[in-house]
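My questions all concern the structure below.
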Amino acid sequence: MDRVSKHNYYLDIAQTVAERSTCLRRMFGAIIVKNDTILSTGYNGAPRGRKNCNDLGVCMRDKLQIPRGERYELCRAVHAEANAIIAAAREQMLGATLYMVCVDAKTGELMPGTSSCMMCKRQVINAGIETVIIRDTREDYRIIPVRDWIENDDSLSGVFGY
(Lines give C-alpha, C1' and ligand atoms only; values in the text may rest on other atoms or scores of the structure.)
Protein backbone atom coordinates (compact mmCIF):
# COMPACT_ATOMS: atom_id res chain seq x y z
CA MET A 1 0.00 0.00 0.00
CA ASP A 2 1.37 3.41 -1.01
CA ARG A 3 1.41 6.20 1.51
CA VAL A 4 -0.45 9.36 0.58
CA SER A 5 1.90 12.21 -0.26
CA LYS A 6 2.37 14.92 2.37
CA HIS A 7 0.67 17.53 0.16
CA ASN A 8 -2.35 15.30 -0.46
CA TYR A 9 -2.49 14.46 3.25
CA TYR A 10 -2.89 18.15 4.08
CA LEU A 11 -5.25 18.68 1.13
CA ASP A 12 -7.40 15.80 2.45
CA ILE A 13 -7.62 17.62 5.78
CA ALA A 14 -8.52 20.90 4.02
CA GLN A 15 -11.21 19.02 2.10
CA THR A 16 -12.67 17.74 5.38
CA VAL A 17 -12.60 21.30 6.74
CA ALA A 18 -14.60 22.38 3.65
CA GLU A 19 -17.43 20.10 4.84
CA ARG A 20 -18.08 22.69 7.60
CA SER A 21 -18.77 25.38 4.97
CA THR A 22 -22.22 26.96 5.10
CA CYS A 23 -22.13 28.23 1.50
CA LEU A 24 -24.77 26.99 -0.94
CA ARG A 25 -22.50 27.63 -3.92
CA ARG A 26 -18.89 26.67 -3.19
CA MET A 27 -17.47 24.95 -0.13
CA PHE A 28 -13.89 26.00 0.61
CA GLY A 29 -11.56 24.60 3.22
CA ALA A 30 -8.13 25.97 4.09
CA ILE A 31 -5.42 25.00 6.54
CA ILE A 32 -2.18 26.74 7.36
CA VAL A 33 0.80 24.47 8.01
CA LYS A 34 4.32 25.20 9.15
CA ASN A 35 7.02 22.67 10.05
CA ASP A 36 4.49 19.83 9.69
CA THR A 37 2.21 21.42 12.28
CA ILE A 38 -1.30 22.63 11.47
CA LEU A 39 -1.53 26.20 12.77
CA SER A 40 -5.16 26.87 11.90
CA THR A 41 -8.11 25.91 9.73
CA GLY A 42 -10.83 27.92 8.04
CA TYR A 43 -13.92 27.41 5.93
CA ASN A 44 -16.24 29.88 4.24
CA GLY A 45 -19.31 31.00 6.15
CA ALA A 46 -21.07 34.06 7.54
CA PRO A 47 -19.38 36.03 10.32
CA ARG A 48 -19.94 34.68 13.82
CA GLY A 49 -23.46 35.35 15.06
CA ARG A 50 -24.94 36.10 11.61
CA LYS A 51 -27.21 33.73 9.75
CA ASN A 52 -25.50 31.50 7.22
CA CYS A 53 -26.72 31.05 3.65
CA ASN A 54 -27.62 27.43 4.40
CA ASP A 55 -29.80 28.72 7.29
CA LEU A 56 -31.47 31.28 5.03
CA GLY A 57 -31.83 28.83 2.13
CA VAL A 58 -30.59 31.35 -0.43
CA CYS A 59 -27.30 32.45 -1.96
CA MET A 60 -27.63 36.05 -3.13
CA ARG A 61 -24.91 35.61 -5.75
CA ASP A 62 -26.72 32.57 -7.18
CA LYS A 63 -30.07 34.35 -7.04
CA LEU A 64 -28.63 37.29 -9.00
CA GLN A 65 -26.77 34.90 -11.37
CA ILE A 66 -23.42 36.51 -10.62
CA PRO A 67 -20.53 34.72 -12.36
CA ARG A 68 -17.73 33.08 -10.41
CA GLY A 69 -15.09 35.58 -9.36
CA GLU A 70 -17.30 38.68 -9.40
CA ARG A 71 -19.15 40.85 -6.85
CA TYR A 72 -17.84 39.24 -3.68
CA GLU A 73 -19.23 42.14 -1.67
CA LEU A 74 -22.67 40.55 -2.10
CA CYS A 75 -21.52 37.32 -0.45
CA ARG A 76 -22.35 36.80 3.25
CA ALA A 77 -19.28 34.65 3.83
CA VAL A 78 -15.87 35.26 5.26
CA HIS A 79 -13.60 33.27 2.95
CA ALA A 80 -11.78 30.13 4.10
CA GLU A 81 -8.30 31.65 3.71
CA ALA A 82 -9.34 34.73 5.72
CA ASN A 83 -10.82 32.59 8.50
CA ALA A 84 -7.62 30.49 8.69
CA ILE A 85 -5.48 33.64 8.79
CA ILE A 86 -7.67 35.23 11.48
CA ALA A 87 -7.19 32.13 13.66
CA ALA A 88 -3.36 32.14 13.59
CA ALA A 89 -0.67 34.46 14.86
CA ARG A 90 1.33 36.21 12.13
CA GLU A 91 4.63 35.21 13.74
CA GLN A 92 3.64 31.57 13.27
CA MET A 93 2.49 32.07 9.66
CA LEU A 94 5.75 33.58 8.40
CA GLY A 95 7.04 31.11 5.81
CA ALA A 96 4.04 28.79 6.21
CA THR A 97 2.00 26.97 3.55
CA LEU A 98 -1.74 27.41 3.03
CA TYR A 99 -3.55 24.36 1.61
CA MET A 100 -6.94 24.96 -0.02
CA VAL A 101 -9.73 22.86 -1.52
CA CYS A 102 -12.96 23.93 -3.22
CA VAL A 103 -15.97 21.65 -3.62
CA ASP A 104 -19.14 22.43 -5.59
CA ALA A 105 -21.86 22.58 -2.91
CA LYS A 106 -24.53 21.23 -5.29
CA THR A 107 -22.64 18.26 -6.76
CA GLY A 108 -20.00 17.53 -4.13
CA GLU A 109 -17.37 17.48 -6.89
CA LEU A 110 -13.95 19.09 -6.59
CA MET A 111 -13.65 22.42 -8.41
CA PRO A 112 -10.45 22.38 -10.46
CA GLY A 113 -8.77 25.65 -11.36
CA THR A 114 -9.98 27.55 -8.31
CA SER A 115 -7.87 30.29 -6.81
CA SER A 116 -7.94 32.84 -4.04
CA CYS A 117 -9.82 36.06 -4.75
CA MET A 118 -7.87 39.32 -4.89
CA MET A 119 -8.76 40.23 -1.29
CA CYS A 120 -7.63 36.83 0.04
CA LYS A 121 -4.42 37.07 -1.98
CA ARG A 122 -3.67 40.35 -0.21
CA GLN A 123 -4.34 38.78 3.17
CA VAL A 124 -2.13 35.77 2.36
CA ILE A 125 0.67 38.12 1.31
CA ASN A 126 0.37 40.23 4.48
CA ALA A 127 0.19 37.14 6.70
CA GLY A 128 3.67 36.16 5.50
CA ILE A 129 2.52 32.84 4.02
CA GLU A 130 5.12 31.60 1.55
CA THR A 131 3.26 29.00 -0.53
CA VAL A 132 -0.34 28.18 -1.46
CA ILE A 133 -1.24 24.67 -2.60
CA ILE A 134 -4.63 24.20 -4.26
CA ARG A 135 -6.26 20.85 -5.07
CA ASP A 136 -7.57 20.36 -8.61
CA THR A 137 -8.34 16.63 -8.52
CA ARG A 138 -8.03 13.90 -5.92
CA GLU A 139 -4.35 13.50 -6.81
CA ASP A 140 -3.42 16.73 -8.64
CA TYR A 141 -2.70 20.11 -7.14
CA ARG A 142 -0.97 23.38 -7.97
CA ILE A 143 1.87 24.86 -5.94
CA ILE A 144 1.82 28.66 -6.04
CA PRO A 145 4.71 30.65 -4.61
CA VAL A 146 3.12 33.70 -2.96
CA ARG A 147 6.05 35.69 -4.38
CA ASP A 148 4.27 35.26 -7.79
CA TRP A 149 1.23 37.12 -6.43
CA ILE A 150 3.50 39.94 -5.30
CA GLU A 151 5.43 40.20 -8.55
CA ASN A 152 2.39 39.73 -10.84
CA ASP A 153 0.09 42.24 -9.14
CA ASP A 154 -3.35 41.45 -10.63
CA SER A 155 -4.80 44.48 -8.83
CA LEU A 156 -3.09 46.66 -11.45
CA SER A 157 -4.83 45.00 -14.40
CA GLY A 158 -6.71 47.64 -16.35
CA VAL A 159 -6.08 50.29 -13.72
CA PHE A 160 -4.27 53.57 -14.42
CA GLY A 161 -3.38 52.46 -17.95
CA TYR A 162 -1.17 49.55 -16.87
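Find the Rg to Rh ratio for the stretch 52-162, where Rh is the Kirkwood radius over alpha-carbon pairs and Rg uses the same atoms.
0.98
Using a 1.4 Å probe over the heavy atoms of the protein chains, calculate the carbon and sulfur portion of the accessible area of the stretch 86-138 as a whole percent.
54
Right, here's the next one. Using a Förster distance of 22 Å, how high is the FRET efficiency between ASP154 and ILE86, based on the Cβ-Cβ distance and rounded to 0.05?
The calculated FRET efficiency here is 0.45.
Tally Lys/Arg at +1 and Asp/Glu at -1 over every other residue whose Cβ is under 11 Å from the Cβ of GLY42; what's the total?
0
Pop the C-beta distance of SER5 and THR107 into the FRET formula with R0 = 30 Å and round what comes out to the nearest 0.05.
For SER5 and THR107, the calculated efficiency is 0.70.
With +1 assigned to the C-beta of every Lys and Arg and -1 to the C-beta of every Asp and Glu, and no other charges, what is the dipole magnitude of the chain about the Cα centre in debye, to the nearest 20?
It works out to roughly 600 debye.
Heavy atoms only, probe 1.4 angstrom, no DNA, RNA or ligands counted: give me THR41, THR131 ranked by accessible area, highest first.
From most accessible down to least: THR41, THR131.
The values are calculated or read from the model by the stated rules, or taken from the named source; none is laboratory data. In this text the structure is predicted, and so the values were computed from the model without any measurement. Because the Cβ atoms are built from the backbone with ideal geometry, glycine has one as well, and the counts that use them run over all protein chains shown. We work out accessible area using only protein heavy atoms, side chains counted, and drop any ligands, DNA or RNA first. Shrake-Rupley method; radii C 1.70, N 1.55, O 1.52, S 1.80 Å.
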